[in-house]
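Report on the following structure.
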Amino acid sequence: MTTAPAQRSWAKLALPLVLLGLMVVVEATTMASASPAGSKAVWPARRSATPPEVQVQAVQGLIGRLLGASYVPLFQLSILPSPYASSSTDHDYYTLSTRTVGGVTQVQIQGSSGVALASGLHWYLKYSCNCSVSWGVAGSGNNLALPSRLPALSKPLAMQSPVKYRYYLNVCTHSYSSVWWQWDRWEQEIDWMALHGINLPLSSTGQEYVFAEVFKALGLNDTDLEHFFVGPAFLAWGRMGNIQGWGGPLDPAWRKAQAELQKKIVERQRMFGMLPILPGFAGFVPDGIKRIYPTANLTKSADWAGFPHQYTNVYFLSPLDSLYKTIGRMVIRRVTAEFGTDHIYNADTFNEMSPPSADPTYLAAASRAVYEGMAAEDPQALWVMQGWSFVFDKFWEDKSRVRSYLSGVSDKDMLILDLASDNNPEWSKTDSYFGKEFVWCMLHNGGGVRGLYGNLTQYSSDPLLALATPGNTMLICGTCEQVGVGMTMEAIEQNPVVYELMSEMGWRSEAFDIVEWVQRYAERRYGLAAGLSSVGEAWELLREATYNQSVIDYGWFGFTPGLGMGYGGVANAAKEVEALRLFLQSALTKGYAPNGPWQYDCVDLTRQVLANTFRDIYAQFDAAYSAYAAHKTYTVDQLKSLGSALLTLIGDIDEILATNPNYLLGTWIQSALSWADTPDQALHYQFNARNQITLWGPDGQITDYATKHWADLVRSYYQPRWTLFITSVLQAVYAGREYRGELLQLEQKWNRENTTYATTPTGNTLQVAYKLAAKYLDLPRLAPRYVKHAAMDASGADLLAHPMWSTDLAQLMWLCDLNPLCLGFNTNGWLKAGVSRLVPSSAVDLYIKSSSSQ
């Protein structure tokens, strides 16, 4: 096998550790012992070939980048074999202890790998120093206000991971989140991975360079490649064979630059002891392959997501064709020559598409060919595949087909990512993938869409329940050896609490109190003293109202406008309002200056509350249009007033987003432009960046799937779109005809623009949040306008066919004020068009507008 430059560079990268004043103990780790007689075979965890001293130095570098060079000597790092003689030693472990030397606290971390050492460091920072590390522009997601002297531990701490693998990333994450990253951002993310215990990351950057070289070696030309490769923002779906050509061509300079970036990525990952998963061949080839191999067994994949035929129907080379194994071997040879190898590869042959045959023999042969193509070049190959196909496509509802497909590869040579164990677990429907090892994965997010959600109670318990499920291959009876826990979100940099919790599940094997965990999370994230009532109460409300379900409450302002979009939501909107009030109150704590994480969350929570309010205004607008069209209940001016309220609210959302560097469209656009060397490339990359987050296709094939709540995107795209919609509705009313949507021209025009946007925030987060809270949530200002009738309701006088989503009193008063036909409301959220017929009701109170307010 060819040795990668990354692996050859270890010697020159290693500094004399003694110069740093550190005592580094390095010994070889041992592999897992044989499984007990009669139990299922235990396949040892794949281990990094990186020398232990290099892994130690990687963690030292992390400490320097994160905390500063002065802290490096305060952490004594050692890589040692596992002390847990009674269990498999191929599970990572770490121990923490402290000692005082000359009045200075030194933290001793021993562990089985660089990742284990970094995990121990992170645990110490969180639970001993009240610190937090999370995503954020220029470190704005971190709270690293360390005590003047590092705290001493009352007793040593020992942790062992219950799983072999802690997996990270989704094929789509490389497009929705990291497509435009330069090395500095990748360096931060790899540090994040190490701190959060990741030892099995998906590393697919730069693979188009490899495939281009392989295809050219087969005789394909540049024109063939131009028609095949998609643009930068859509690479994930080109890799999975869903589309071809869209957003292209893919500049050869881009392909080469990405390959060079990948070399840095995998080198750093390996320095920590991670095992980067590299790309294999999944069978998708350019159309030109027919010219070179006219007898090749080719079929066209099905249409995907409504894309025009020119951009889909990708040629799929039959695994039964001998050419398949030839190309598979060529890909692995080139991949390993460029990037080195840890012998782990990813390939997904039938992502969101059906195989051409249901014959069991074909299915087994298809998977066998994928693996044999890998193993022909790398006999140690482990094939990692997503189990998403088995969830998504109805073809696989017959689980005997899943069994047939998986039977083509031996159990030891395949690892399956149960991609959506949180919502659509497939392992429990397939007898644990019929003996294959798999990773319990949390999918959580699709497209990077913003919204506060995630079931913390489930995430803190389900992986543990899977651990204890008899017969599944996450648990090898007799050795209690779970294969893995993973995070497979389509995009990152959202809902940090979810990922902070889920990353800990790779180290936890016992149940714990999620209520207490959330409280501690808030304290260390904001750097607040334990027991601060307002922020603790706010987070308990969020845990109850928001982070107790896995369904996102989308911000409708970011979706294509239309009539009949629905009403309401899943979370408790009133509790989210109260959480925002309490959150803002915490900023008034004496001596507290809101830090970066506090401001990030303040923007996010304010955005969510306003997005919820938008739904309730929209529900009134939609009902008003229907009522006007049916029997002229509303006047045109009243309908126009409700529409204006929607547009004003969109502007307010943009204003709060603009106050924080993590919510700016300009950052996304500027990152795309950073890869451009010519004006034409700049236009091309900007189109890719714009199209992915809006139309997602030439004519809106997956429109708004990757919608983002970013300042300037809200102002320049969503607000004009809603303005056109509301104007068109009013024009239809004036003309006495039904509304017809006419938005595509506006959307396509925005996609072709080359405007740049602010990359630095404007305004003060706290001041803007207070202003908006006073506008929409100020009960003392609104209350005098209403008279309370306790335990009463107004019978038969509901203004709408459904209640408002929010039942917060101040919001209901504001919403009722907005509508001239609203005379009051009950505390279940029902707006009232009449209040003359009052009836007793033990379930609600009634609020009626005072005569002076009507």
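The values are calculated or read from the model by the stated rules, or taken from the named source; none is laboratory data. Computed from a predicted structure; not experimentally measured. Because the Cβ atoms are built from the backbone with ideal geometry, glycine has one as well, and the counts that use them run over all protein chains shown.
Just checking, does the stretch 645-652 include any residue being within 27 Å of T827 (Cβ to Cβ), of a type outside the set (A, V, I, L, M) and part of a helix (DSSP H, G or I)?
Keep residues of the stretch 645-652 that are within 27 Å of T827 (Cβ to Cβ), which gives 645-646, 648-649, 652.
Pick out the ones that are also of a type outside the set (A, V, I, L, M) and you get 648, 652.
From what is left, the residues that are part of a helix (DSSP H, G or I) are 648, 652.
Yes, some residue in the stretch 645-652 is within 27 Å of T827 (Cβ to Cβ), of a type outside the set (A, V, I, L, M) and part of a helix (DSSP H, G or I).
Consider only pairs whose beta carbons are under 8 Å apart and that are at least six residues apart or on different chains; among these, list those whose first residue lies in the stretch 819-842 and is assigned to a strand (DSSP E or B) and whose second residue is of a type in the set (F, W, Y).
G824/Y786; G824/Y847; F825/Y847; N826/Y847; L831/F825; K832/F825
Scanning the stretch 126-140 for residues that are more than 24 Å from the chain's Cα centre (by Cα) and under 14 Å from A522 (Cα atoms), which turns out surrounded by the most Cβ atoms within 10 Å (Cβ to Cβ)?
N130
Looking at the stretch 816-845, which of its residues are touching a Ser or Thr at 6+ places or on another chain (Cβ under 8 Å) and buried (at least 22 other Cβ atoms within 10 Å of the Cβ)?
Within the stretch 816-845, N826, G829 qualify.
Picking from A774, A735, which residue would you name as being surrounded by fewer than 16 Cβ atoms within 10 Å (Cβ to Cβ), modelled with pLDDT of 95 or more and of a type in the set (A, V, I, L, M, F, W, C)? Lay out the reasoning, then the answer.
Details: A735 fails: modelled with pLDDT of 95 or more.
Among A774, A735, only A774 is surrounded by fewer than 16 Cβ atoms within 10 Å (Cβ to Cβ), modelled with pLDDT of 95 or more and of a type in the set (A, V, I, L, M, F, W, C).
If you check D184 against the conditions, is it out of contact with any Phe, Trp or Tyr (no Cβ under 8 Å at 6 or more places or on another chain), surrounded by fewer than 23 Cβ atoms within 10 Å (Cβ to Cβ) and not assigned by the TED database to the domain that holds M487?
For D184, the condition - out of contact with any Phe, Trp or Tyr (no Cβ under 8 Å at 6 or more places or on another chain), surrounded by fewer than 23 Cβ atoms within 10 Å (Cβ to Cβ) and not assigned by the TED database to the domain that holds M487 - is not met.
Only residues that are among the aliphatic types (A, V, I, L, M) and either in contact with a strand residue (DSSP E or B) (Cβ under 8 Å, 6 or more places away or on another chain) or free of Cβ contacts under 8 Å to residues at least 60 places away in the same chain (or both): list them for the stretch 571-584, please.
Once the filter is applied, which keeps residues that are among the aliphatic types (A, V, I, L, M) and either in contact with a strand residue (DSSP E or B) (Cβ under 8 Å, 6 or more places away or on another chain) or free of Cβ contacts under 8 Å to residues at least 60 places away in the same chain (or both), the stretch 571-584 yields A579, L582.
Hey, among L261, L275, which residue is within 23 Å of the chain's Cα centre (by Cα), part of a loop (DSSP other than H, G, I, E, B) and closer than 30 Å to E53 by Cβ?
L275 is the lone residue from the list that is within 23 Å of the chain's Cα centre (by Cα), part of a loop (DSSP other than H, G, I, E, B) and closer than 30 Å to E53 by Cβ.
Can you find even one residue in the stretch 189-201 that is over 30 Å from S48 (Cα atoms) and of a type in the set (D, E, K, R)?
No, every residue in the stretch 189-201 fails to be over 30 Å from S48 (Cα atoms) and of a type in the set (D, E, K, R).
Confirm whether L278 is of a type outside the set (V, I, T) and in contact with a Ser or Thr (Cβ under 7 Å, 6 or more places away or on another chain).
yes
Are any of the residues in the stretch 85-101 out of contact with any Asp or Glu (no Cβ under 8 Å at 6 or more places or on another chain), free of Cβ contacts under 8 Å to residues at least 24 places away in the same chain and either polar (S, T, N, Q) or part of a helix (DSSP H, G or I) (or both)?
yes
For every residue, the table says whether it meets (1) modelled with pLDDT under 95; (2) surrounded by 20 or more Cβ atoms within 10 Å (Cβ to Cβ); (3) under 20 Å from F316 (Cβ atoms).
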| position | (1), (2), (3) |
| --- | --- |
| E352 | yes, no, yes |
| M374 | no, yes, yes |
| W383 | no, yes, yes |
| G387 | yes, yes, yes |
| L406 | no, yes, yes |
| M414 | no, yes, no |
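Yes or no: G68 modelled with pLDDT of 95 or more and at positive phi?
yes
Select from the stretch 205-245 the residues that are more than 24 Å from the chain's Cα centre (by Cα), outside any helix (DSSP H, G or I) and in contact (Cβ under 8 Å) with a residue 60 or more places away in the chain and write down the one among them that is surrounded by the most Cβ atoms within 10 Å (Cβ to Cβ).
Q244
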